1. Which condition from (1) out of contact with any helix residue (DSSP H, G or I) (no Cβ under 8 Å at 6 or more places or on another chain); (2) surrounded by 14 or more Cβ atoms within 10 Å (Cβ to Cβ); (3) of a type in the set (A, V, I, L, M, F, W, C); (4) modelled with pLDDT of 95 or more is the one that V138 breaks?
2. Of the residues A75, A70, A112, A98, which is open to solvent by 60 Å² or more (accessible area, probe 1.4 Å), among the hydrophobic types (A, V, I, L, M, F, W, C) and at pLDDT 95 or above?
3. Let me confirm something: among L202, L183, which residue is in contact with a Gly (Cβ under 7 Å, 6 or more places away or on another chain) and either open to solvent by 10 Å² or more (accessible area, probe 1.4 Å) or over 20 Å from R233 (Cα atoms) (or both)?
4. For K235, which of the numbered conditions (1) in a helix (DSSP H, G or I); (2) under 16 Å from R72 (Cβ atoms); (3) not hydrophobic (A, V, I, L, M, F, W, C) fails to hold?
5. Starting from residues that are of a type in the set (A, V, I, L, M) and not in a loop (DSSP other than H, G, I, E, B), keep the ones in the stretch 192-208 and report whichever is nearest to V151 (Cα to Cα).
6. Within the bounds of the stretch 209-230, is there any residue that is touching a Leu at 6+ places or on another chain (Cβ under 8 Å), open to solvent by 70 Å² or more (accessible area, probe 1.4 Å), within 24 Å of T63 (Cα to Cα) and not in a strand (DSSP E or B)?
7. Return the only residue of V55, V12, V37 being within 23 Å of D230 (Cα to Cα), touching a Ser or Thr at 6+ places or on another chain (Cβ under 8 Å) and among the aliphatic types (A, V, I, L, M).
8. Within the stretch 86-97, identify whether any single residue is of a type in the set (A, V, I, L, M, F, W, C) and outside any strand (DSSP E or B), and answer yes or no.
Amino acid sequence: MKMHGLGNDFVVVDARDHSFLASHSMIKLISDRNRGVGFDQLAVINKEDRHLHLVFYNADGSTSAACGNATRCVARYLMKESGKTELSLSTNHGILQARDVGEGYTSVNMGAPQTLWHEIPLSEDVDTLHLPLPGDPVATNMGNPHCTFFVQNADSVDLQTRAAPIEHHQLFPQRTNVQFASLIGDNHIRMRVWERGVGVTLASGSSSCATVVAAVRRGLTDCNVRIDLDGGRLKVDWSNEGVWLTGPTMHVFSGRFTSEFWESST
């Protein structure tokens, strides 16, 4: 299936009844927007014990423990299929709760943020609220590493020039997602995203959650925040339960890979 959350797009493989084993080269081929389907992340739905388990791959073939918008898309699909309005999904980031909140919006609890240097992880013990990097960014783990810069005008930032070197900075041994965020009103943030293993994306759920956590820690916002991304708006609410991410989803089409395409990567 092809799905997206505010233009943050995914290929979702339903492997509940049939196993899905794809090589690194096949994952990269599926992600190719000219020769494959194209995606920011690939999400695979597996059946494991009591829970359905989601596995995420980035466009470069690397893995990710969490993907907020993909989780919301899959949750929406499964809730429509079952008629349920709430469900739990297992990920390598933990068990995530999802719910239908009405008007076409789906929420997922991305869990508690991790803010200690070794949890993110960083390569050395530094203050995660004020990283020793130009621009004074904040580090957060929301199932994957994040580095958030607060700037005067996020729209004026050249993401390729500014963010790409940060993704591969030695401070981040597992690389990092990078956000540039501006406060544009009370509890209202404009944010742009560079995703680890992907590049510039129209939206990112985990990045939105990490940005709100960073903003709250810096005293810039309360815990309930609107995030305006290139692809649209998400809402983030950091509560005692965890960080809830809410927004629209879209199921674009369903299909099958041809044997010719599948064999072309071997």
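1. (1)
2. Working: A75 fails: open to solvent by 60 Å² or more (accessible area, probe 1.4 Å); A70 fails: open to solvent by 60 Å² or more (accessible area, probe 1.4 Å); A98 fails: open to solvent by 60 Å² or more (accessible area, probe 1.4 Å).
After applying the criteria, what remains is A112.
3. Numbers: L183 fails: in contact with a Gly (Cβ under 7 Å, 6 or more places away or on another chain).
Among L202, L183, only L202 is in contact with a Gly (Cβ under 7 Å, 6 or more places away or on another chain) and either open to solvent by 10 Å² or more (accessible area, probe 1.4 Å) or over 20 Å from R233 (Cα atoms) (or both).
4. Status for K235: all satisfied but (1).
5. The first filter runs over the stretch 192-208 and keeps only residues of a type in the set (A, V, I, L, M), leaving 193, 198, 200, 202-203.
Next cut, not in a loop (DSSP other than H, G, I, E, B) only: 193, 200.
On the way: V193: 13, V200: 17 Å.
The residue in question is V193.
6. No: zero hits.
7. Values: V55 fails: within 23 Å of D230 (Cα to Cα); V12 fails: touching a Ser or Thr at 6+ places or on another chain (Cβ under 8 Å).
Of V55, V12, V37, the one residue that is within 23 Å of D230 (Cα to Cα), touching a Ser or Thr at 6+ places or on another chain (Cβ under 8 Å) and among the aliphatic types (A, V, I, L, M) is V37.
8. First, the residues of the stretch 86-97 that are of a type in the set (A, V, I, L, M, F, W, C): 87, 89, 95-96.
In the following step, the residues that additionally are outside any strand (DSSP E or B) were identified as none.
Within the stretch 86-97 (the criterion being of a type in the set (A, V, I, L, M, F, W, C) and outside any strand (DSSP E or B)), the answer is no, since none of the residues qualifies.
The values are calculated or read from the model by the stated rules, or taken from the named source; none is laboratory data. None of these values were measured; they are calculated from a predicted model. All Cβ positions, even for glycine, are placed from backbone atoms using ideal geometry, and neighbour counts span all protein chains on display. Ligands, DNA and RNA are stripped out before the accessible areas are found, and what is left, the full protein with its side chains, is counted by its heavy atoms. Shrake-Rupley method; radii C 1.70, N 1.55, O 1.52, S 1.80 Å.
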